[in-house]
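Here's the structure we're looking at; comments come further down.
The values are calculated or read from the model by the stated rules, or taken from the named source; none is laboratory data. What you are looking at is a predicted structure, and each value in this text was computed from that prediction instead of being measured. Don't worry about glycine lacking a Cβ; one is built from the backbone with ideal geometry, like all the others, and counts go over all protein chains shown. Surface accessibility is based on the protein's heavy atoms, side chains included, excluding ligands, DNA and RNA. Shrake-Rupley method; radii C 1.70, N 1.55, O 1.52, S 1.80 Å.
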Amino acid sequence: MIFGSFKKILSKVWFRPGTAHRILTGPMKGMWFKCSENTGLAALYSGNEQDNQRVYAAVVRPGDTVVDAGANWGVHTLYLARLTGATGRVHAFEPHPQVVEELRWHVERNDLRQVTIHSCGLMDRSGEIPFVLGENSKTSHVGGTHDQTAGFQIIVPCSTLDDVMDGSSVTSLRLIKVDVEGAEARLLQGAERTINRFRPHLVVELHNPEQDMEVARLLTAWNYKIQRVDGSPIKHLDRPWPDPEGVWGTLHAIPQ
């Protein structure tokens, strides 16, 4: 209770939306981050996805190339860029027009020249797709991927990761992080050649039981071992949420 009240005071008084600060603690300490209603106190303690960050730290090395699909404001992009170093490369994909500008601010403010920003979504085909602007950037999503699609709809460009990688000079890919609000399987289907060619680790945030099953089916077919990012095993690959031992949450897919 006391800690919760303290966080609210910090959010309102010091870490107000729109203010920028150097991150005070955690693996992103010293990097600049702008506060918002969505990011909360990420500018204080490096964000709230420590399990993801532990996977990144265990997998990514200086000089690696990685993909951040659904980069949002850049919490993951920034940390991945720190891990790859100046000799590596982070390809950050974000289709939300306003959010892309915030992502760009974070990349430029931290002088992360190893980050390439792609102002588009990643799907199972290249072209244009309907995109629903939700209440905030975390709830915005590709049209038709949520039960509730209320919100202002725009059209945004999209590509497949296969098309992007085929048209690049990338010769290796260490990790793909996926957080695309219900379009996970479609993104993976558009990345099949890339995944089978480079055999990267994948960190995939799941959003509904249908995606739980389809993502598990794809990754199993591609000979990946699946566990949650906290390391807990998944005993039933044929069962989605709410089975506690089934497929749900954020996955770490390990190439076999």
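Tell me yes or no: at least one residue of the stretch 148-165 is at pLDDT below 95 and hydroxyl-bearing (Ser, Thr, Tyr). Yes: one or more hits.
Name the residue, out of Asp111, Asp179, Asp124, that is on the phi > 0 side of the Ramachandran plot and at pLDDT 95 or above.
Numbers: Asp179 fails: on the phi > 0 side of the Ramachandran plot; Asp124 fails: on the phi > 0 side of the Ramachandran plot.
Only one candidate qualifies: Asp111.
Flag: Ala58 does not match the condition of being of a type in the set (Gly, Ala, Ser) and surrounded by 21 or more Cβ atoms within 10 Å (Cβ to Cβ). Report yes if some residue within the stretch 91-99 is charged (D, E, K, R), modelled with pLDDT of 95 or more, in a loop (DSSP other than H, G, I, E, B) and under 17 Å from Val178 (Cβ atoms); otherwise report no. Yes, the conditions are met somewhere in the stretch 91-99. Of all the listed residues (Ala86, Ala71, Ala81), the sole one being open to solvent by less than 10 Å² (accessible area, probe 1.4 Å), among the aliphatic types (A, V, I, L, M), modelled with pLDDT of 95 or more and in a loop (DSSP other than H, G, I, E, B) is Ala71. A residue that is open to solvent by 40 Å² or more (accessible area, probe 1.4 Å), modelled with pLDDT under 95 and either among the charged types (D, E, K, R) or within 17 Å of the chain's Cα centre (by Cα) (or both) can be found somewhere in the stretch 30-41.
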